[in-house]
Amino acid sequence: MAKYLPDYGWTPVVLCQRWTEDNCDIDADYVKGIPAGLPKHELALPAWRQLSLDNLSSLLAHPLLPHVRREGFLFRGMKEMARLLDDHRVDAIWATAPEASAHLLASWVSHRFGIPWIADYRDITGQARYNAVISLLAPVKRWNEARYLETASKITTVSPALADKVSQLTQRDVDLVYNGFDPTDLSDTPTPHLDEFALTYTGSVSNRDFPDFRVVLDGIQMLVESGCMDRENVFLRFSGDALDEPVQAMFGGHPLEEIVHVHGSVPRKQCIELQRQSAVLLQNAFPGRRGIMTSKVFSYLAARRPILAVPQDGDCIDALLRETGAGLSLSTAEDIAGQLGTWYQEWEATGTVLCGSSPDAIMRYSRKSQAGELAELLNAIAL
């Protein structure tokens, strides 16, 4: 957003956590292209600590009562904000993740200095991947949210269903600003030459949300056994952190287990290239959990490779793929085999698989387009 807001008349001043080797997995290219002269205030925060009895109270305070964590983003942000406002005129604030800290900081600034703000939700309570203890205390978090959201001029989130849920919780109108992709990452061709027919999944996972792509391998087995696909040309590739165990659990014992390969975590540039050199990109969907649109699907749009979502969700992933023409959602091995067979025949005949996505449709989900949508909301509340 900071990269493209200047195109719409806004000069961002960024207040964020400083990435270090101790507090995150650094990829120097992950955040790129922010204008060199853009004011950026980075807070040096301690490394995140895993759950233990010694730090249980601090971990619970992180999402529930961030104002009591003196070493956290809120407390240090309050100190830094006083200096920031001495140096810069601020007309409006957009506060995003992590919601509890960023929102409460924006609420404090709004109350003390009279600056309007927008509360943005990438996830919502009950939707994010909280541990079991914190989930039990979600009512406390909602009570805390209700207090600071009273000062917000607008609320935004990332999908229609989440907007409905946030609206029900807050009794407020909620605007949409989707997740998306940087337009500089958009592939310049929908027809790369492919040496192999590779289906690729990239991204982080959790025990709760990891998809079951075994049905995809079942579909491939049908094609191999019918002679419609050569197993020597077909691969399932997984790239992301800590994938060995869940991938083994998913495909262990399958007759085609040997065509599944785990690449582990790779730098962002390499991940983009891995996506672009794939015949098909695998997307996990979440039937029964309305409103979940992982950011992965938008980087897939930029790769301009056909997307296969599994299973059908009857919700936002299905709708996104229909709107953009970027792929489709399927649930059964028979349906998956039918579609993969069509794509495989195309690859055999042409050396590639055409992505049928509409350039105009996918550009709706570019960061530049979304920055324009955010600018309109900022214009509506600005001093």
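The values are calculated or read from the model by the stated rules, or taken from the named source; none is laboratory data. Owing to the predicted nature of the structure, the values given are computational and were not obtained by experimental measurement. All Cβ positions, glycine included, derive from the backbone under ideal geometry; neighbour counts span all protein chains shown.
Conditions tested, residue by residue: (1) β-branched (V, I, T); (2) crowded, with 19+ Cβ neighbours inside 10 Å; (3) not assigned by TED's automatic domain parsing to the domain that holds E346.
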{"residue": "C228", "(1), (2), (3)": "no, no, no"}
{"residue": "R231", "(1), (2), (3)": "no, no, no"}
{"residue": "L236", "(1), (2), (3)": "no, yes, no"}
{"residue": "D241", "(1), (2), (3)": "no, no, no"}
{"residue": "Q248", "(1), (2), (3)": "no, no, no"}
{"residue": "F251", "(1), (2), (3)": "no, yes, no"}
{"residue": "L256", "(1), (2), (3)": "no, no, no"}
{"residue": "V262", "(1), (2), (3)": "yes, no, no"}
{"residue": "S265", "(1), (2), (3)": "no, no, no"}
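Which residue, of Y201, Y148, is aromatic (F, W, Y), over 30 Å from E257 (Cα atoms) and surrounded by 14 or more Cβ atoms within 10 Å (Cβ to Cβ)?
Just one listed residue meets the conditions, Y148.
Please enumerate the residues belonging to the range 133-183 that are in contact (Cβ under 8 Å) with a residue 60 or more places away in the chain, among the small types (G, A, S) and not in a helix (DSSP H, G or I).
Selection gives S153, S159, G180.
Yes or no, residue by residue, for (1) of a type in the set (D, E); (2) modelled with pLDDT of 95 or more; (3) closer than 20 Å to G338 by Cα; (4) not in a loop (DSSP other than H, G, I, E, B):
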{"position": "T189", "(1), (2), (3), (4)": "no, no, no, no"}
{"position": "H193", "(1), (2), (3), (4)": "no, yes, no, no"}
{"position": "S204", "(1), (2), (3), (4)": "no, no, no, no"}
{"position": "F235", "(1), (2), (3), (4)": "no, yes, yes, yes"}
{"position": "M250", "(1), (2), (3), (4)": "no, no, no, yes"}
{"position": "S265", "(1), (2), (3), (4)": "no, no, no, no"}
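Being touching a residue at least 60 places away in the same chain (Cβ under 8 Å) and either within 19 Å of P211 (Cα to Cα) or not in a helix (DSSP H, G or I) (or both) is true for just one of L374, L320, L354, L301. Which residue is that?
L354
Assess whether L223 counts as being in the same structural domain as G341 (by TED's automatic domain parsing), at pLDDT 95 or above and crowded, with 19+ Cβ neighbours inside 10 Å.
The answer is yes for L223.
How about the range 319-362: which of its residues are surrounded by fewer than 17 Cβ atoms within 10 Å (Cβ to Cβ), closer than 28 Å to D120 by Cβ and among the aliphatic types (A, V, I, L, M)?
Correct list: A319, A361.
Report, by residue number, each residue of the range 302-316 that is modelled with pLDDT of 95 or more and in contact with a strand residue (DSSP E or B) (Cβ under 6 Å, 6 or more places away or on another chain).
Hits for the range 302-316 are A302, R305, P306, I307, L308, A309.
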